[in-house]
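Peer 1: Here you go, one structure.
The values are calculated or read from the model by the stated rules, or taken from the named source; none is laboratory data. Computed from a predicted model, the values in this text were never measured in an experiment. Here the Cβ positions follow ideal geometry from the backbone for every residue, glycine too, while neighbour counts run over all protein chains shown. In case anyone asks, the SASA skips ligands and DNA or RNA and just uses the protein heavy atoms, side chains included. Shrake-Rupley method; radii C 1.70, N 1.55, O 1.52, S 1.80 Å.
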Amino acid sequence: MSDTTLSDYRHSRSTRALLRKIVPIVLPPEVVERDRMDATIDHMELSMRALPTPVRLGLRAGLLAFEWMSVLWPGNGGWNASQLDPKRLERYY
């Protein structure tokens with residue numbers, strides 16, 4: 001029998017801030033229109049808790065890279081992704 005205990009993962013404030021910015025871009029508009037963003041981000045957190053550690057670390061590394069590579073992206077003014085205005089963030093995505 002395998003261990004089904006969830007890991008003790010929680011989104012950091014910075015991860016939540018980034019997800020609040022990219023959810024409207026990557027998911028259907030109904031998520032925002034029906035005020036489901038926080039529930040969606042909470043569900044993402046729960047889903048990440050259920051993933052094996054290497055997969056979870058890979059996703060976290062990807063989010064971190066997305067956040068900070070925007071600093072180098074032309075036209076972003078040196079800002080990280082969670083600080084970009086919606087138009088620049090969509091273009092960067």
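Peer 1: Based on the alpha carbons, how large is the Rg to Rh ratio for segment 1-59 when Rh follows Kirkwood?
Peer 2: Details: Rg = 13.1 Å, Rh = 12.6 Å.
When Rh is taken as the Kirkwood radius, the ratio is 1.04.
Peer 1: Work out which trypsin sites (Lys or Arg not before Pro) in the chain are exposed loop sites (DSSP not H, G, I, E or B, at most 13 other Cβ within 10 Å) and give the longest gap free of them.
Peer 2: Numbers: sites that count: 10, 34.
It runs 35-93.
Peer 1: Right, next: Measuring from label point to label point, each 7 Å out along Cα→Cβ, what is the residue 85 to residue 69 span in nm?
Peer 2: 2.5 nm
Peer 1: Nearest 500 deg cm²/dmol is fine: what mean residue ellipticity at 222 nm does the chain get from its DSSP H runs of n ≥ 4 alone, each adding -39,500 (n - 2.57), divided by its residue count?
Peer 2: Values: 5 runs with 56 residues, N = 93.
It comes out at -18500 deg cm²/dmol, rounded to the nearest 500.
Peer 1: Roughly to the nearest percent, how much of the accessible area of the chain is carbon and sulfur, given a 1.4 Å probe? Don't skip to the answer; put the middle values down first.
Peer 2: Values: 3890 of 6660 Å².
Roughly 58 percent of what the probe reaches on the chain is carbon or sulfur.
Peer 1: Still on this structure, please answer the following. Per residue, how much accessible area does the chain show when a 1.4 Å probe rolls over the protein heavy atoms, in square angstrom? Intermediate values should be presented prior to the final figure.
Peer 2: Details: 6660 Å² over 93 residues.
Computed with neighbouring chains in place, this is 72 Å² per residue.
Peer 1: I would also like to ask the following. Under 10 Å, Cα contacts only: if you run a Gaussian network model on the chain, which one of 12, 70, 47 comes out with the highest mean-square fluctuation?
Peer 2: Largest GNM mean-square fluctuation: 12.
Peer 1: Sticking with this one: Under the rule of at least 5 residues apart or a separate chain, name every residue whose amide H is placed under 5 Å from the amide H of residue 70.
Peer 2: 81
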